[in-house]
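Shown next, in structure tokens, is the structure this report addresses.
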Amino acid sequence: MKAIKWFLIVLVTLVLMLAVYIGVFLDPNAFKPQLSAKVEEATGRTLTIDGDIGWSLFPKVGLEIGGLTLGNLPGEPLPPLLSVEQAVVGVNLLPLLTREVEIEEVTLTGVDLNLVTLKDGRTSLDGLGGDSGQAAPASKPESDTKGQITPAGWKLGSLSLKQLNVSSDNRQAGVSRTLAVASLTLQEFEPGRAAPFEMVVKAVDPQMTLTTSASALLTVAKDFSRIQLDKWNQQIVLSGDQLPDGGKLEASIGFDANVNLVSQQFALTNLDLVQGEFRLLGAGSVNLISQRPELNLELSGNDLVLDPWMPESAKEGKGRGEGTSPSPQAGEPDLSILRQFDLHARMALDSIKAKQWLVSKPSLALSLVDGVFTLKQMKATAFEGTLVAKATLDSRLEPVAYDFDANLQGLSIQPLLEAAVDQTVLAGRGELTLKGKGASLAPDALMNNLVADGRLVLNDGALYGINIAQKIREVEAKISGESLEQATEVQKTDFSSFAAGFAIDKGVVTTPDLNLASPLLRVQGQGQANLVSQEMDYGMEVSIVGSLEGQGGQSLEKLKGLTIPLRIGGSFTDPSFHVDMDELLKNKVDQEGDKLKEKLEEKLKDKLFKGLGG
């Protein structure tokens, strides 16, 4: 036993002395040319090492190297495939005796990876790791495998990456992408087992700054064909003048993912996105092999509030007061992100709110292909009715172009008009159809570029701002020379039915046929309303068909059958109503003339009848 003990002591001493000798007297930098030649022989790529090489042999085989670059596809004018400012690798020595590879640490700093796909289909990875396109031979000659040592297993104790930049230039598809990673760590990693993973990414451009941190459990298949991410938890902070709420947006996202590196596709499950009070759950998949990343999603969420993202109206802009710089949201929104990926999604939410507009329980089927957003169908409850709509928006054009087709049945018109023009104009329930197109989403240009047609049909409602019955009483009193007490009732006109077709062009709503009916009145009219200047001009013809006693007045039999001309003008907030008395008197004279003519005809008939012996 003592002999064995002393033998081991002597053996370890000799190994230590050998390690010290190699470390002190053998310069690894002298092997740079041979190392570069071997790499070029194996890969066809040029390896350049500008920095010094340091190494150690015990208790771990260690290597430290700096200024390393590996060339890209041979014979092509491309940036280096890989460049590393500094690399440190340490492998435990003793486990190698049992064919176990235990990499204690891998530290990489200042790493640039440039992946290129040429138009002919060749990639930066061609020629690395063998030709996967050739079938493996059924068996190898014994001489080929003799002496080869296959590791029984391997482990990675610690991986640390700092300042990692990955660039993907797919010239075949015409797509370029970049990713910058400030730091990335991986602990206790082993193929087939989950290992803790963390990263911090920061990206800065002239308009936006992204800071994000993420953690997950990472599992890599033993053949490196798949990556599994479990319990991904990511915090995102975006800042920039283009963002609402003081130019800052914070969100968190969680999911599980299965990534297929061969087909460049991955599936998402347990998706959980939180931004403020909004939460979105779902699942989906991503295809990275197409010209643009293609997302397929099935989502459900709670209340989505779009108020901070809505363009600021001119009225709101004035409310800030003089001397305040205009909001960056006041211009055309930047929709270039819609051209960076494709999307096919189905989504159901509790509600969507955009300022005064609110829809409940919306169910949407939508797609985004080549920058064209298509709302295939939307069903929701809005303004107490059922909304069905479809729309498209083309972000490739400048300004953007859009079209829409909507139908709202069973709606209450009063809250809709309050949301649209902030005025109580009409009340009643019925149906609204609207179909149109336009260009630009800038607040100042939105109405000016909108062209649409629609029709509104209402039942059992009221027209606010005017009491036509009261106006008629005033007319009757003026004709008869009587005085009339000032009205105290609400200025509105009740109706049993209301129908109007309309057209919108450059912010002007033209109504060629407006019809209002009640047991007392019939109203026909036409006119225009300017949504930009909020002014209107309508001409109405009112006919009395019943007693006005039902609206608080005495019967006006004298005016029955008489057409009363009524004009409505002025602003939405302060409309004016007046009766054209000249036209009314003319109509009255015509009416009396017709009555006189009828009486003369009757008398003439009587005389003729008597003259004939009747």
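The values are calculated or read from the model by the stated rules, or taken from the named source; none is laboratory data. Model, not experiment: these values are computed from the prediction. As a convention, Cβ positions derive from the backbone with ideal geometry for all residues, glycine included, and neighbour counts pool all protein chains shown. Just the protein is used for accessible areas: all its heavy atoms, side chains included, with ligands, DNA and RNA removed. Shrake-Rupley method; radii C 1.70, N 1.55, O 1.52, S 1.80 Å.
Quick grid of which residues meet (1) under 41 Å from the mean Cα position of the chain (by Cα); (2) open to solvent by 30 Å² or more (accessible area, probe 1.4 Å); (3) hydroxyl-bearing (Ser, Thr, Tyr); (4) modelled with pLDDT of 80 or more:
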{"residue": "82", "(1), (2), (3), (4)": "yes, yes, no, yes"}
{"residue": "94", "(1), (2), (3), (4)": "no, yes, no, no"}
{"residue": "107", "(1), (2), (3), (4)": "yes, yes, yes, yes"}
{"residue": "144", "(1), (2), (3), (4)": "no, yes, no, no"}
{"residue": "151", "(1), (2), (3), (4)": "no, yes, no, no"}
{"residue": "160", "(1), (2), (3), (4)": "yes, no, yes, yes"}
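For residue 402, the conditions (1) part of a loop (DSSP other than H, G, I, E, B); (2) closer than 20 Å to residue 365 by Cβ are fulfilled apart from (1). Looking at 526, 591, 551, just one residue is of a type outside the set (A, V, I, L, M), surrounded by 12 or more Cβ atoms within 10 Å (Cβ to Cβ) and modelled with pLDDT of 65 or more, and that residue is 526. Annotation: residue 460 fulfils all but one of (1) of a type outside the set (S, T, N, Q); (2) more than 18 Å from residue 425 (Cβ to Cβ); (3) not in a helix (DSSP H, G or I); the unmet one is (2). Within the range 162-192, take every residue that is of a type in the set (Asp, Glu) and either over 27 Å from the mean Cα position of the chain (by Cα) or over 24 Å from residue 115 (Cα atoms) (or both) and give me the one that is most open to solvent (accessible area, probe 1.4 Å). Going through the qualifying residues, I end up with 188. Check 429, 346 and return the single one that is within 30 Å of residue 467 (Cα to Cα), in a strand (DSSP E or B) and without any contact (Cβ under 8 Å) to a residue 60 or more places away in the chain. Every option except 429 fails the conditions. For the subset of the range 446-457 comprising residues that are open to solvent by less than 40 Å² (accessible area, probe 1.4 Å) and in a strand (DSSP E or B), which member is farthest from residue 383 (Cα to Cα)? Ranking the qualifying residues of the range 446-457, first place goes to 452.
Here is the figure for the range 490-515: residues that are touching a residue at least 60 places away in the same chain (Cβ under 8 Å) and within 31 Å of the chain's Cα centre (by Cα) total 2. Residue 332 falls short of the stated requirement of being surrounded by fewer than 17 Cβ atoms within 10 Å (Cβ to Cβ), modelled with pLDDT under 90 and not in a loop (DSSP other than H, G, I, E, B).
Residues that are of a type in the set (S, T, N, Q) and open to solvent by 40 Å² or more (accessible area, probe 1.4 Å) within the range 216-249 comprise 228, 233, 235, 239, 242, listed in sequence order.
Which residues, taken from the range 398-413, are more than 26 Å from residue 333 (Cβ to Cβ), surrounded by fewer than 20 Cβ atoms within 10 Å (Cβ to Cβ) and not small (Gly, Ala, Ser)? Those that are more than 26 Å from residue 333 (Cβ to Cβ), surrounded by fewer than 20 Cβ atoms within 10 Å (Cβ to Cβ) and not small (Gly, Ala, Ser): 407, 409.
Scan the range 432-445 residue by residue and report those that are closer than 30 Å to residue 396 by Cα and assigned to a strand (DSSP E or B). Within the range 432-445, 433, 434, 435, 436, 437, 438, 439 meet the criteria.
The set of residues from the range 264-294 being of a type in the set (Gly, Ala, Ser) and either at pLDDT 90 or above or open to solvent by 40 Å² or more (accessible area, probe 1.4 Å) (or both) comprises 267, 276, 282, 283, 284, 285.
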